[in-house]
Amino acid sequence: MRSFQIHFSQSQNHFLLAFSSYAILFFLFEYFLGQPLSQSYKLVLFESLFFALLGYMMNFSTAFLKSWTVLFLLYESPILVLSQNPQSTLFPRDAVLASGLVLFGYGGSLLLECLAEHTSYKKIITCISRFLFISAIVFPLPTLVYLLISGGKALSSDIMLTLFQTNEEEALAYIKSLPSAALVGSLLLFSLLGALGHDLLKLRQQVLSKKRPDFPVKLIVFLTLCLIIFPVKAKSYSFFVAMKETKEILADYSHYEKSRNKRLDRLEQLKGLSVSPKAKGLYVLVIGESATRDHMESYGYKRHTTPFLESFKKDPGTLLFSKAFSNHTHTVPVLTYALSQKNQYNNIPLQKAYFLIEIAKKAGYETYWISNQRKYGAWDTPTSEMAGTADHQVFINGRAGKGVGSTYYDKALLDHVPIVDSAHPTLIVFHVMGSHASYEDRYPKNETYFSGGNNHIDTYDNTILYTDQFLKQLYVKLKKMQDFRGLVYFSDHGEDSRKGIGHNATQYEPIMTHIPFVVHLSSESRKERPLLWQVLQSHKDCWWTNDLLYNFMVTLLGIENAPESDSSLDIASPNYNLPLEKARTLHGKKKLDP
């Protein structure tokens with residue numbers, strides 16, 4: 001211990017310089033990022049002390065400083081990039097927490113390696129040490145890759161959730177939709193990090209070869225124990241917060257599925273749930289995919305992408321709502337709200353929310369779910385749970401794409417329009433592939449009408465036209481049915497085909513929420529329910545988000561005594577009131593941007 005004190009006295013200047021340099025660096029860094037220093041100073045001082053002691057232990061060798069600097073830049077560069085993006089919100093203390101993770105991974109690796117020399121478990125501790133070091137190099141990779149392919153956006157819980165809900169075809173479609181520069185850049189990044197990792201492993205050996213041999217074992221143990229502070233504090237690091245949010249949402253989805261029996265028990269206890277005699281008949285709900293009204297002729301687009309809807313809107317029984325928006329930009333979050341009681345404006349817990357199919361069945365409707373989307377797995381609840389409660393379920397597409405025996409375009413759904421029993425009111429839900437990327441997979445090649453321009457826009461517009469043709473052929477079938485009463489079409493969310501960024505929430509553009517909302521009532525329905533029709537006509541230019549679809553559909557279906565109904569959120573009610581300043585998207589996180 002005496003020799004350690006002598007050496008420490010000789011190196012005091014280096015120690016103080018390392019301590020003060022680290023602290024000043026981070027106080028300046030935090031100031032530059034506009035984050036309050038009052039939230040960080042204790043952690044900065046602790047990291048400064050830890051860094052100075054670790055540096056002293058490693059003799060402040062050039063290899064130590066070089067390897068720490070490389071890792072520091074690797075972790076802090078995304079934060080610097082995000083700080084330049086006005087749409088990105090940096091988490092408090094992200095810069096300091098990121099550096100703490102460097103000290104945890106890099107410093108922990110060095111400390112364990114030193115500790116291994118003084119134990120009988122050298123091989124095990126050495127393996128843990130090297131694993132920790134490699135993990136420290138790999139950890140920032142997802143953030144860096146996503147930063148590159150998204151054009152400078154943060155990796156959020158929305159994106160993580162989407163990854164859990166994406167099958168291999170969708171993943172390939174997403175990769176195909178990425179700009180070539182992003183793909184090349186990602187490959188270069190992987191190559192660079194591979195080479196960097198190799199060099200850092202070499203530097204690590206140099207660092208260890210120059211460490212002080214007289215450093216007290218007790219201090220090594222103490223510093224190793226101090227490492228636990230970094231992962232504890234890092235819980236508020238943005239990446240871990242996003243992971244926690246994702247886990248919580250998935251847990252909610254799982255709980256939603258598990259609480260099905262409880263919901264059904266509560267449904268059984270509902271009294272007076274029935275269908276108004278004037279409303280009985282056949283209703284069809286078509287759920288579109290990634291269709292934005294900004295690319296629809298019927299909503300003012302320059303191309304003839306929706307000739308059917310253009311003529312259909314002139315029908316005395318058809319309304320095109322001009323200010324319809326999605327409640328999110330990803331399918332599962334959208335439909336979770338759109339088809340259930342849960343919305344952005346109420347406090348009903350998701351696991352306690354009834355959904356449309358359940359309520360319709362309980363009231364007396366025969367229910368159908370006919371889909372060209374893949375039948376999702378466990379991660380896609382509660383959407384798959386919603387479909388699973390229908391009396392009749394048809395999933396025509398096991399895979400999405402153009403492979404032999406697996407090509408199913410949306411028009412194939414027309415072969416599954418059921419012959420309904422007029423003795424029962426009926427609800428049929430069609431869930432189409434619509435305009436889901438890759439766009440060219442959504443329509444036959446011989447039905448390509450737009451070409452020669454921007455390929456993203458041309459192929460996207462072809463999907464809009466193909467969906468329009470599907471709606472036309474579906475309507476031709478429906479209007480021949482004696483009990484047909486109404487057709488509703490809306491899209492889950494929009495798409496930004498202009499920039500080629502799809503509907504990624506972290507790259508949010510208003511167009512991603514601009515959706516069509518079309519309601520058609522038969523002449524019989526309008527005669528039987530004139531007040532309903534008058535109210536809908538008066539509201540066709542009102543602000544509306546599609547998490548309120550449930551409220552509207554309950555009224556349209558004539559379901560009486562439905563639980564916890566809020567007429568101010570029902571566009572079919574005279575009491576409807578959703579001013580622009582109240583309307584939201586991204587599940588309440590963003591105001592609407594018309």
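The values are calculated or read from the model by the stated rules, or taken from the named source; none is laboratory data. Since the structure is predicted, the reported quantities are computational estimates derived from the model, not experimental observations. Note that each Cβ is placed from the backbone with ideal geometry, even for glycine, and that neighbours are counted across all protein chains shown.
Yes/no matrix, rows are residues, columns are (1) buried (at least 23 other Cβ atoms within 10 Å of the Cβ); (2) polar (S, T, N, Q):
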| residue | (1), (2) |
| --- | --- |
| 466 | yes, no |
| 478 | no, no |
| 493 | yes, no |
| 498 | no, no |
| 507 | no, yes |
| 524 | no, no |
| 528 | no, no |
| 540 | no, no |
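Return the only residue of 223, 273, 264 being farther than 25 Å from residue 355 by Cα and either among the hydroxyl-bearing types (Ser, Thr, Tyr) or in contact (Cβ under 8 Å) with a residue 40 or more places away in the chain (or both).
It is 223.
So, in the stretch 262-308, of the ones that are assigned to a loop (DSSP other than H, G, I, E, B) and of a type in the set (A, V, I, L, M, F, W, C), which residue ends up surrounded by the fewest Cβ atoms within 10 Å (Cβ to Cβ)?
270
Just checking, does the stretch 104-119 include any residue being among the aromatic types (Phe, Trp, Tyr) and over 34 Å from the mean Cα position of the chain (by Cα)?
No, every residue in the stretch 104-119 fails to be among the aromatic types (Phe, Trp, Tyr) and over 34 Å from the mean Cα position of the chain (by Cα).
Among all residue pairs at least 6 apart or on different chains, which show Cβ distances below 8 Å where the first residue, located in the stretch 133-145, is over 12 Å from residue 200 (Cβ atoms) and the second is outside any helix (DSSP H, G or I)?
Here the result reads 142/155; 143/154; 143/155, each pair linking the stretch 133-145 to a residue that is outside any helix (DSSP H, G or I).
Matching residues to (1) surrounded by fewer than 23 Cβ atoms within 10 Å (Cβ to Cβ); (2) outside any loop (DSSP other than H, G, I, E, B); (3) of a type in the set (D, E, K, R); (4) modelled with pLDDT of 95 or more:
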{"position": "319", "(1), (2), (3), (4)": "yes, yes, no, yes"}
{"position": "328", "(1), (2), (3), (4)": "no, no, no, yes"}
{"position": "332", "(1), (2), (3), (4)": "yes, yes, no, no"}
{"position": "347", "(1), (2), (3), (4)": "yes, no, no, no"}
{"position": "361", "(1), (2), (3), (4)": "yes, yes, yes, no"}
{"position": "367", "(1), (2), (3), (4)": "yes, yes, no, yes"}
{"position": "374", "(1), (2), (3), (4)": "yes, no, yes, no"}
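With the structure loaded, tell me whether residue 303 is closer than 25 Å to residue 538 by Cβ and in contact (Cβ under 8 Å) with a residue 24 or more places away in the chain or whether it fails that test.
No.
Restricting to the stretch 76-122, count the residues that are surrounded by 15 or more Cβ atoms within 10 Å (Cβ to Cβ) and either assigned to a helix (DSSP H, G or I) or modelled with pLDDT of 80 or more (or both).
Final tally of qualifying residues: 30.
Run residue 527 past the list (1) touching a Gly at 6+ places or on another chain (Cβ under 9 Å); (2) more than 26 Å from residue 581 (Cα to Cα) and report the number of the one that doesn't hold.
Among (1) touching a Gly at 6+ places or on another chain (Cβ under 9 Å); (2) more than 26 Å from residue 581 (Cα to Cα), the lone unmet condition for residue 527 is (1).
Against the definition (touching an Asp or Glu at 6+ places or on another chain (Cβ under 8 Å) and touching a residue at least 24 places away in the same chain (Cβ under 8 Å)), how does residue 514 come out, yes or no?
Yes.
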